[in-house]
Number of protein chains: 4
Amino acid sequence: MTTQRFGRSPGRPKSAEKSVSTKESVLHAAASLFLQNGFQKVSIDDIAKEAGVTKASVYYYFGSKAELFTETMIAMMKRIREQIAQLLQADTSLYERLLAVAVAHLRSTATFDLEGFMRESRTSLSEEQMEQMRLAEEGMYECVEEAFLQAIQEEDIPEVNARFAAHSFIALVRVGNYRQPDGSFFFETTEEAAAQIMSVFWNGFFSSPAS
Amino acid sequence: MTTQRFGRSPGRPKSAEKSVSTKESVLHAAASLFLQNGFQKVSIDDIAKEAGVTKASVYYYFGSKAELFTETMIAMMKRIREQIAQLLQADTSLYERLLAVAVAHLRSTATFDLEGFMRESRTSLSEEQMEQMRLAEEGMYECVEEAFLQAIQEEDIPEVNARFAAHSFIALVRVGNYRQPDGSFFFETTEEAAAQIMSVFWNGFFSSPAS
Amino acid sequence: MTTQRFGRSPGRPKSAEKSVSTKESVLHAAASLFLQNGFQKVSIDDIAKEAGVTKASVYYYFGSKAELFTETMIAMMKRIREQIAQLLQADTSLYERLLAVAVAHLRSTATFDLEGFMRESRTSLSEEQMEQMRLAEEGMYECVEEAFLQAIQEEDIPEVNARFAAHSFIALVRVGNYRQPDGSFFFETTEEAAAQIMSVFWNGFFSSPAS
Amino acid sequence: MTTQRFGRSPGRPKSAEKSVSTKESVLHAAASLFLQNGFQKVSIDDIAKEAGVTKASVYYYFGSKAELFTETMIAMMKRIREQIAQLLQADTSLYERLLAVAVAHLRSTATFDLEGFMRESRTSLSEEQMEQMRLAEEGMYECVEEAFLQAIQEEDIPEVNARFAAHSFIALVRVGNYRQPDGSFFFETTEEAAAQIMSVFWNGFFSSPAS
DNA sequence: GATGAATGAGCCTTCATTCAT
DNA sequence: AATGAATGAAGGCTCATTCAT
């Protein structure tokens, strides 16, 4: 009911000077927090605080938490996809290009693994938002798939199920990111991890079956 | 690592008046709900309702939501682990035994992939609870790792990083569970999926490098 | 995110001794506030405060603000209806019984006029809730209508549109409750108001047309 | 009570570039929305959207929501009052003039009934704004009251409490606008409704008491 | 004259948790 | 063993209002 107003306050503050666009900071903060803690655990307040703006400002740019999440995730996947795509366009052998992708991904904190995020946010996103996320995810895989399809066409590698190969490749790279209970990785250096992973992958798909 | 339990009497319970004990129904309901919706999204009320008891009853048996979650997850992982262990003890070749594990897992709804669950619940569980979950997860892998170590010792397979192999194996099996955006899997039948996956895995680790 | 809990707090308080049922106090507070300020302006917090309980307690008994509002209003209308019904069952002439109703209503603060409440809450209530309110409102009128129908059947009064008469009667009584800008009513005493109103109503419906 | 306006130039505006001034569209949108949904439920954003302008523009013309509301309502009441006044100046019998007013109002969507609006907005308007609204409301009634006073002076009708008669008249007309739960009105046509209402009103006030 | 950006305050609702019985 | 009642703390979202341009 709160009948009387008092104090003075809402409204845009006198502001000092703009730096990075507010929207950008929000997206940035959201990405960081969502990535670390998942959808549910992160509150809009958390994001606002991290971005140094008010909750209402977040809502000025994003209609809902689900929307912000979707947008954030899709942006991230797009970025990953582009990075991969670029690495895969190098003028070297497929093996070397994949190796480069593996190295890059083992170094990044971003995650290929969206399954967890999808499951967690499933019931909170609209059907359309889920669809958009699925497509963005697929985009990352397709990008690797293309490389296989092209190599097959150019007869650099034998014919295989390219999509399955792409997913397997990424699944194996992800293994390299696994932290054991004591916090250590399987391999000492990123390079060694990438090398081993590539070796397994390549033999798995392109060597003649072990007799 | 003697599986020492505490409290509640060992051996067969005296009577079975309540066909299913309240605690059991709660655990069951919790498992089902947590698995589907993750930690945060499931409320104690949800679980109580699903189990047909009151919220307070849940608290009678489990000190907190985190505790219930941990217990649930660990129980599930133990079950998976035992199932795997059993399949791996068959009196057949390693290849065949792994194939059986692959088939079994492709059929089950339970998930090997705990990363998502871990990330989501991370900040809500106590350090000890996290540790327990990590150990239980590790248990699942160890069980596969053992099989490799033994085969190596018996010189059935060349020497490889058994732990890395175990994780890779499971990662590949998980690929077989991936649903494409249109809802379909990569392979038509579970058997074909398992066969392909095993082929890739086996060649990857045990064939001589493709020249 | 708010990781650590601190302080100690939720849960049922140690309590001293129960007095009136919590639910009752909430209903009472809600009736009083809604009646004075309408649906939108009253917050659940206001009601909780007025009832001396916490907001969460309100929700323990009522699923939503709309539900509480509906329940409150319907209860009030039922009470009014019963009061009217009782007065109309007296063993006197119809004229005298209506006069009694007029007096009673001019004295009460409760309102016959739900139109305002309906319009205000329209978009916030479910279709079903609106329907329930409409029925309860109708109940109040029907109760008066019955009296007319019966009187017609017993040939105490000529045949008229009983429903229209009931609504007109109540509309006129409401006029007696009108406060002029300076705060005063049209008539000095409740009795005089009732007498004048009844005279107008009765002549309006049951006198032979002024030639 | 010279209708003294302030600021903005009197007389015909210089040009009509903007076919409808922004202020006008806002007032129009506000009237429509407030009338349908009441004060609280309508947001400035809603009004701005409906008017096709920005929220800030609304504030450019109106200092606050309460002010906009008051202005809107008063304008509406003035319009109603003028319409009534005009109909009441016709050169026919009082009975016929009132009948015309009844018909006109039964056809319009605008509401005589401001009680709901007043109650709802009461705590949000300043004392002065409330006063203005009350006066405007009173204006509508006064206009009818005048007609009675004049008729009394000219001995066309017996002496009655003119103010009470005016309110009663309007209350009865409002009954004709009542929608039953099934959505229908009491009478089939507007004309019949008006005729019945007038009959009741006229007999009520001007017939000799039913013996 | 008009508007984009921003915000403080509040509101409805949910939830894990506790206590007395 | 089980539960009904109660609550503090958030959390998502809306909104009137303000300021700089």
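Of all the residues in the range D:78-94, those that are over 13 Å from the mean Cα position of the chain (by Cα), in a helix (DSSP H, G or I) and surrounded by fewer than 17 Cβ atoms within 10 Å (Cβ to Cβ) number 1. Which of the residues that make up the range C:147-181 are at positive phi and at pLDDT 95 or above? The answer is none; no residue qualifies.
Could you list, in sequence order, the residues of the range D:11-27 that are at pLDDT 95 or above and more than 10 Å from DNA strand E (Cβ to nearest atom)? Answer for the range D:11-27, where residues must be at pLDDT 95 or above and more than 10 Å from DNA strand E (Cβ to nearest atom): just D:LEU27. Tell me, please, whether a residue that is in contact (Cβ under 8 Å) with a residue 60 or more places away in the chain and facing another protein chain (nearest Cβ under 7 Å) can be found in the range A:196-206. Looking for residues that are in contact (Cβ under 8 Å) with a residue 60 or more places away in the chain and facing another protein chain (nearest Cβ under 7 Å), one finds at least one in the range A:196-206, hence yes. Against the definition (touching a helix residue (DSSP H, G or I) at 6+ places or on another chain (Cβ under 8 Å) and either in a helix (DSSP H, G or I) or facing chain A (nearest Cβ under 7 Å) (or both)), how does B:PHE187 come out, yes or no? For B:PHE187, the condition - touching a helix residue (DSSP H, G or I) at 6+ places or on another chain (Cβ under 8 Å) and either in a helix (DSSP H, G or I) or facing chain A (nearest Cβ under 7 Å) (or both) - is not met.
Just one of the listed residues (B:PHE148, B:PHE169, B:PHE185) is assigned by TED's automatic domain parsing to the domain that holds B:THR70 and within 18 Å of A:ARG174 (Cβ to Cβ), namely B:PHE169.
Checking each residue in the range B:95-143 for being within 10 Å of another protein chain (Cβ to nearest Cβ) and not in a helix (DSSP H, G or I) picks out B:THR111, B:ASP113, B:LEU114. Residues in the range B:18-61 that are more than 12 Å from every other protein chain (Cβ to nearest Cβ), within 11 Å of DNA strand F (Cβ to nearest atom) and within 22 Å of the chain's Cα centre (by Cα): B:LYS23, B:GLU24, B:SER25, B:VAL26. There is no residue in the range D:82-92 that is of a type outside the set (Lys, Arg) and within 14 Å of another protein chain (Cβ to nearest Cβ). Counting only residues that are surrounded by fewer than 18 Cβ atoms within 10 Å (Cβ to Cβ) and in a helix (DSSP H, G or I), the range C:45-70 holds 11 of them. Taking each residue of the range C:110-126 that is closer than 12 Å to D:LEU114 by Cα and looking for partners that are part of a loop (DSSP other than H, G, I, E, B) with beta-carbon atoms closer than 7 Å, six or more apart or interchain, yields C:GLU115/D:ASP113. Got at least one residue in the range B:120-131 being hydrophobic (A, V, I, L, M, F, W, C), crowded, with 18+ Cβ neighbours inside 10 Å and closer than 24 Å to B:ALA30 by Cα? Yes, there is a match, as at least one residue in the range B:120-131 is hydrophobic (A, V, I, L, M, F, W, C), crowded, with 18+ Cβ neighbours inside 10 Å and closer than 24 Å to B:ALA30 by Cα. Checking each residue in the range C:144-169 for being in a helix (DSSP H, G or I), of a type outside the set (Gly, Ala, Ser) and without any contact (Cβ under 8 Å) to a residue 60 or more places away in the chain picks out C:GLU145, C:GLU146, C:PHE148, C:LEU149, C:GLN150, C:ILE152, C:GLN153, C:ARG163, C:PHE164, C:HIS167. For the range A:62-77, how many residues are within 9 Å of DNA strand F (Cβ to nearest atom) and of a type in the set (A, V, I, L, M, F, W, C)? Of the residues in the range A:62-77, 3 are within 9 Å of DNA strand F (Cβ to nearest atom) and of a type in the set (A, V, I, L, M, F, W, C).
Working carefully through the options A:LEU35, A:LEU98, A:LEU87, find the one that is farther than 30 Å from C:ASP46 by Cβ and modelled with pLDDT under 95. Of A:LEU35, A:LEU98, A:LEU87, the one residue that is farther than 30 Å from C:ASP46 by Cβ and modelled with pLDDT under 95 is A:LEU35.
Quick grid of which residues meet (1) of a type outside the set (S, T, N, Q); (2) assigned by TED's automatic domain parsing to the domain that holds A:GLN132; (3) within 28 Å of B:PHE39 (Cα to Cα); (4) within 16 Å of DNA strand E (Cβ to nearest atom):
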position: A:ALA29; (1), (2), (3), (4): yes, no, yes, yes
position: A:LEU33; (1), (2), (3), (4): yes, no, yes, no
position: A:TYR59; (1), (2), (3), (4): yes, no, yes, yes
position: A:ALA90; (1), (2), (3), (4): yes, yes, no, no
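Taking the conditions (1) under 30 Å from D:ILE152 (Cβ atoms); (2) not assigned by TED's automatic domain parsing to the domain that holds D:LEU172 in turn, D:ILE47 satisfies each one other than (1).
The values are calculated or read from the model by the stated rules, or taken from the named source; none is laboratory data. Small disclaimer: the values here were computed from a predicted structure and weren't measured. Because the Cβ atoms are built from the backbone with ideal geometry, glycine has one as well, and the counts that use them run over all protein chains shown.
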